[in-house]
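Undergrad: Dropping the structure in here first, questions after.
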Amino acid sequence: MAATTTTPFHGVDDVIGLGRRIAALIPGLLLLATVGYAGKFIEQSIGAYTKARHIAFPNIEYVLWAIVLGLIIANTVGIPRIFAAGVATYEFWLKAGIVLLGSRFLLGDVLHLGGISLLLVAVAITLSLTFMHILGRAFKLKPKLTSLLAVGSSICGVSAIIAAKPAIGADDEDASYAIAAILALGAISLFTFPLIGHSLHLSDKAYGLWAGLAVDNTAEATAAGALYSDAAGKVAVLAKTTRNALIGFIVLGYALYWSSCGQAQAVGNKAAFLWGKFPKFVLGFLLISLLATLGFFTKPQLTSLANLSRWAFLLTFAGVGLRTNLRELGKQGWRPFAVGAIGEVFIALLTLALVYGADRYLYL
Amino acid sequence: MSNSTSPSRFSFSLDSYAVALALVLALLVRLNLLPPIKW
């Protein structure tokens, strides 16, 4: 996609090239839609069956079914090459879905919850970065791998690692270790967070805030929130988006540190660096929220926007399962995984304590 | 893992395209050019 924006237009060849690239996405997109819709179908079918027979059965959200179906396909028959490009678009749908979700927030709520999230994120990031570096040293990980794991687990998962990799001059192997560890831990959190939330009887807001602050990857944080409840999913996205907005500052900090050690290129224009790393979908989210607050949309229109966001997330959740290759994750070695896992447990407990405190003193 | 890294290469474009799509959809909904979206 970037090629079309950065290279000059060469006429018919470019159009054909673009057409081919779009056509290459279709099989994977159909797979995402099929798996996601199958998840929704299973949820509705079970709901209708148990209701008709008066069976007390907890509602299992389509989110879980879509992820599990995706996981089964990816780890049994595998994903043929023809589907790969389309499946990789799940992140695109995630971001479009988050922007559209802005319509479900009044700007005042965004500023209130976003402000609380910002405060908690600042505390959590400081403590978790310190903890991850102590752990990395204890497990004798390479310093740059530790930096990547710290950025990934304290800020925003895979995108943070990818943003930090060139900035600190880390190698491909370190990045793929860190990504594998973060993805594996994200998959585990999908199944553990809702269970912990229910056992602690967390409110939707408190749970959503916790999931948004503790689960690393945006797709998994969104899914972990939605698995608890619709309202919790909304709050999780907001908290995670706040975290994402800070990515540039953390990556800039690491880039300055590693360049001062002579092991990464110097950072020229810091404002341009920050803007380059800033996730632009955050601006789209705020814009839609502002328009909704100003009454730009009618109530039925807001419902339509919220439903469009749900459809976009449906494709995302199918992609989360389909791109998780458990065998490949297992090949990455135990030490980065151990550091990531211990760090994640620490961050999960820390953020849980922070959310408890915020719930009590800051009136979520 | 290559799949995980490929979107990031285009992170600026990916974000921009996603925002553009969402805004176009929001405008279409606002102008009632899309039927009500059900879930």
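Undergrad: Pull up segment A:103-112, narrow it to residues that are modelled with pLDDT under 90 and closer than 16 Å to A:L283 by Cβ, then point me to the one that is surrounded by the fewest Cβ atoms within 10 Å (Cβ to Cβ). Write out each step before concluding.
TA: Taking segment A:103-112 as the starting set, the residues that turn out to be modelled with pLDDT under 90 are A:104-112.
Then drop every residue that is not closer than 16 Å to A:L283 by Cβ, which leaves A:105, A:107, A:110-111.
Working: A:F105: 23, A:L107: 16, A:V110: 20, A:L111: 14.
Among them, the one singled out is A:L111.
Undergrad: Only residues that are more than 10 Å from chain B (Cβ to nearest Cβ) and not in a helix (DSSP H, G or I): list them for segment A:332-347, please.
TA: Initially, segment A:332-347 is screened for residues more than 10 Å from chain B (Cβ to nearest Cβ), giving A:333-347.
Within segment A:332-347, just A:G333 meets the criteria.
Undergrad: Of a type outside the set (K, R), part of a helix (DSSP H, G or I) and farther than 30 Å from A:L141 by Cβ, is that true of A:G197?
TA: Answer is yes for this residue.
Undergrad: Follow-up question, since we're still on this one. Show the residue pairs meeting these rules: Cβ distance below 7 Å; 6+ apart or different chains; first residue within segment A:1-30 and closer than 17 Å to B:A18 by Cα; second residue of a type in the set (F, W, Y) and modelled with pLDDT of 90 or more.
TA: A:M1/B:Y17
Undergrad: So, of the residues in segment A:331-364 that are at pLDDT below 75 and among the hydrophobic types (A, V, I, L, M, F, W, C), which turns out to be nearest to A:L149 (Cα to Cα)?
TA: Checked segment A:331-364; the qualifying residue nearest to A:L149 (Cα to Cα) is A:F337.
Undergrad: Can you report the number of residues in segment A:31-78 which are closer than 18 Å to A:D230 by Cα, in contact (Cβ under 8 Å) with a residue 40 or more places away in the chain, in contact with a Lys or Arg (Cβ under 9 Å, 6 or more places away or on another chain) and of a type outside the set (S, T, Y)?
TA: Adding up the residues that qualify gives 1.
Undergrad: Give segment A:191-211 a look and list any residue that's surrounded by 24 or more Cβ atoms within 10 Å (Cβ to Cβ) and among the small types (G, A, S), or say none.
TA: A:G197, A:G208, A:A211
Undergrad: Let me ask something else. Give me the residue from segment A:259-312 that is closer than 30 Å to A:Y37 by Cβ, among the hydroxyl-bearing types (S, T, Y) and assigned to a helix (DSSP H, G or I) and, out of that set, nearest to the other protein chains (Cβ to nearest Cβ).
TA: A:S304
Undergrad: Right, here's the next one. Of the conditions (1) under 20 Å from A:A239 (Cβ atoms); (2) modelled with pLDDT of 75 or more; (3) in a helix (DSSP H, G or I), A:L149 fails just one. Which one is it?
TA: Of everything listed in (1) under 20 Å from A:A239 (Cβ atoms); (2) modelled with pLDDT of 75 or more; (3) in a helix (DSSP H, G or I), A:L149 misses just condition (1).
Undergrad: Is it true that A:F278 is of a type in the set (A, V, I, L, M, F, W, C), crowded, with 24+ Cβ neighbours inside 10 Å and within 17 Å of the chain's Cα centre (by Cα)? Explain how you work it out, then say what you get.
TA: Details: of a type in the set (A, V, I, L, M, F, W, C): yes; crowded, with 24+ Cβ neighbours inside 10 Å: no; within 17 Å of the chain's Cα centre (by Cα): yes.
Spelling it out, it is not the case that A:F278 is of a type in the set (A, V, I, L, M, F, W, C), crowded, with 24+ Cβ neighbours inside 10 Å and within 17 Å of the chain's Cα centre (by Cα).
Undergrad: Given (1) more than 24 Å from A:G157 (Cβ to Cβ); (2) within 11 Å of another protein chain (Cβ to nearest Cβ), identify the lone condition not met by A:G108.
TA: The one condition A:G108 does not meet is (2).
Undergrad: When segment A:132-156 is examined, which residues are found to be in contact with a Leu (Cβ under 9 Å, 6 or more places away or on another chain), over 21 Å from A:T242 (Cβ atoms) and hydrophobic (A, V, I, L, M, F, W, C)?
TA: Result: A:L135, A:L141, A:L149.
Undergrad: Sticking with this structure for a sec: Give the residues of segment A:276-302 that are farther than 28 Å from A:L246 by Cα and touching a Lys or Arg at 6+ places or on another chain (Cβ under 9 Å), sorted by residue number.
TA: Passing the criteria: A:F296, A:F297, A:T298, A:Q301, A:L302.
Undergrad: May I ask you to verify whether A:S154 is modelled with pLDDT of 80 or more, closer than 24 Å to A:T324 by Cα and out of contact with any Lys or Arg (no Cβ under 7 Å at 6 or more places or on another chain)? Steps first, please.
TA: Numbers: modelled with pLDDT of 80 or more: no; closer than 24 Å to A:T324 by Cα: yes; out of contact with any Lys or Arg (no Cβ under 7 Å at 6 or more places or on another chain): yes.
The answer is no for A:S154.
The values are calculated or read from the model by the stated rules, or taken from the named source; none is laboratory data. Please read all numbers here as calculations on a predicted model, not as lab measurements. All Cβ positions, glycine included, derive from the backbone under ideal geometry; neighbour counts span all protein chains shown.
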